[in-house]
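Heads up: the structure comes next, in structure tokens.
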Amino acid sequence: LLVAPADALAVAKFLRDDPNLRLEMCSNVTGVDWPERDEKVKVKKLVDGVEKEVEEVRHHPGFQEAVYHLFSVSLKHGPVVLRQRTVNRGDDCSVTSLTPVWRGCEFQEREAYDLFGLRFTGHPDLRRILMWDEFKDHPMRKDYVEPDDYEYEPTPHDEVHDRSKAHYPVPEVKA
Amino acid sequence: VSNPAPQTFGIRPKVGQDGSEMDGEMLEVSMGPQHPSTHGVFRMDVVLDGETVVKLKPVFGYLHRNHEKIAEGTSYLSSMPYTDRLDYFCSLTNNWAYALAVEKMSGLVVPERAEYIRVITAELTRLQNHTSLCGFLLQDMGALGTPLMWAFREREKVLDLFESLTGARMMCNYMRFGGCRCDLPPGWLEQARKLVDDYPRFLEEFETLLSGNEILMARTQGVGCLSKELSVSASITGPLLRAAGVDYDLRKVDRYGIYDRFEFRVPLGEHGDVYDRYMIRVLELRESLKILQQALKQIPEGPIIDPKAKLRGFRPKVGESYGRIEGPKGEIGFYLISDGGANPYRYRVRPPSFINLTILEDMCLGRSIADAVIILGSVDIVLGEVDR
């Protein structure tokens, strides 16, 4: 069932409050990263009047998903899987936060933000939770590049170092 | 019971009237990350008015190693030993939850004997986890040493059993997709039966001394109350949820494995305070012993792994699955997406103690700082799982 993203909160409230569903526990929240990819598909096509198998490249744009596993505690059924999909993986990587409906999403949405860069609009306290606050990237993304030096952290010495470099320009070495 | 909503968010509270961060009467205390009461490298940013907690923000991630990323880079089976390190007190239940998620995806059928072994090891895990948690909780209350060492004495006996079965005391790495790694060694069942028969004596003794203890009651009753509605909405699971009076035990709800064959009850609390959580754990110990007695009596002979299970070149078909079991700390779940390859495309752990921390602030607001220590102790966290 597909619903417009603007109705996310209303859908979530319905899922929680409807007497037949009563999905009052949002057990698991996570992100899934689907980077853009090209898929080679074999398609049957008429080429010069003869049917031939031709390889075509289909382009799938990248997006991210927030996946919610909902359970009912009173009716003891589930899981119902709710997915929210972002427009793309870059500037418009946001979905509606469901923390106002299920309190249990609070830390898990923070985790998805931290590790995937999913921005949850309406989240009361969207900060990094597992990585440190100064960390820049989102490590669970499929295109994340691991740093050469894990232990590197900016220190006051960097500034001094830069200034000293400005003072004594390092000659460029030609390869 | 109703919980007041936390008022403001952000790391540094703005409590001064002139917009300054502190008005001079509040005190910001950073408890941890190296604090004896935090059960690991865990920090609580607490704002105190006198001794009363006005604001509390848990800070963690010190042990973060991105377990999920590592698991997505290796084959399905290679993550099995790594699941031991999540909640290092209960490696066997972590193994089971992961195996269950993979079995759901690949359609492997677990033989009956292996199911019994899984139940026995999982209940033994619950036994040692709850016992040592009771010891830790009392340690947090200031009963230094004795109750914890006492609980650990019993835990060692369970760990001896694990060692003779799996070769490791804590990092068991025992379950495989479609069964278990090796069969029970000779004499193991007798040893387990003896432990189960002897355990009630320890429990009686433990309870006589502690459950009615005046100091314990004074420190825990009415402390850290949690309402039914909030605990359900905040996805609290495990003994915390049942202490709040919500009847939700996955062993009864999902009936995964062969839990429908055993007779046991689900103890429920009334007040949702720390004392209830302590009592729930003691009562669950007794129920676990019941399950163990039945399982040790019924266990049949037979194979221990599905003959279709492949150790090498295991590639489940495209799809996804969510497997969850009732771990000692709550619902431990694994969410897997397969793209048909040898590695999982997405591997997610649903860590119970991480999610149970969501409402730590709600429980501590308005209580004294000494109570916050006990409340954290009653949540039962393991940082290997919180930080992953």
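Rule-based calculations on the coordinates, nothing more; no lab input. Remember, predicted model here, so these are calculated numbers, not experimental data. All Cβ positions, even for glycine, are placed from backbone atoms using ideal geometry, and neighbour counts span all protein chains on display.
Side notes on the structure shown:
- Candidates A:54, A:73, A:43, filtered to the one that is surrounded by 10 or more Cβ atoms within 10 Å (Cβ to Cβ) and either under 21 Å from the mean Cα position of the chain (by Cα) or within 14 Å of chain B (Cβ to nearest Cβ) (or both): A:73
- Being within 14 Å of chain A (Cβ to nearest Cβ) and touching an Asp or Glu at 6+ places or on another chain (Cβ under 6 Å) holds for only one residue in B:368, B:353, B:338, and it is B:353.
- For segment B:249-261, the candidate set comprises residues that are part of a loop (DSSP other than H, G, I, E, B) and touching a strand residue (DSSP E or B) at 6+ places or on another chain (Cβ under 9 Å); within that set, the residue that is farthest from residue B:98 (Cα to Cα) is B:249.
- Of residues in segment A:23-45 being of a type in the set (A, V, I, L, M) and in a strand (DSSP E or B), the one nearest to residue A:70 (Cα to Cα): A:25
- Verdict on residue A:99 being over 11 Å from the mean Cα position of the chain (by Cα) and either more than 10 Å from every other protein chain (Cβ to nearest Cβ) or without any contact (Cβ under 8 Å) to a residue 40 or more places away in the chain (or both): yes
- Summed over segment A:76-96, residues that are more than 14 Å from chain B (Cβ to nearest Cβ) and hydrophobic (A, V, I, L, M, F, W, C) total 3.
- Only residues that are of a type in the set (A, V, I, L, M, F, W, C), away from chain A (no Cβ under 14 Å) and in a loop (DSSP other than H, G, I, E, B) were counted in segment B:203-248, giving 2.
- Residues located in segment B:299-324, provided they are without any contact (Cβ under 8 Å) to a residue 40 or more places away in the chain and under 30 Å from residue A:68 (Cβ atoms): B:315, B:318
- For the residues B:285, B:296, the requirement of being under 20 Å from the mean Cα position of the chain (by Cα), in contact (Cβ under 8 Å) with a residue 12 or more places away in the chain and more than 12 Å from every other protein chain (Cβ to nearest Cβ) singles out B:285.
- Test: residue in segment B:305-324 that is within 23 Å of the chain's Cα centre (by Cα), hydrophobic (A, V, I, L, M, F, W, C) and over 28 Å from residue A:141 (Cβ atoms): no
- Each residue in segment B:308-356 was checked for being closer than 30 Å to residue B:226 by Cα and among the aromatic types (Phe, Trp, Tyr), and 4 of them qualify.
- Any hit, segment B:317-333, residues being among the hydrophobic types (A, V, I, L, M, F, W, C), within 24 Å of residue B:70 (Cα to Cα), surrounded by fewer than 18 Cβ atoms within 10 Å (Cβ to Cβ) and away from chain A (no Cβ under 12 Å): yes
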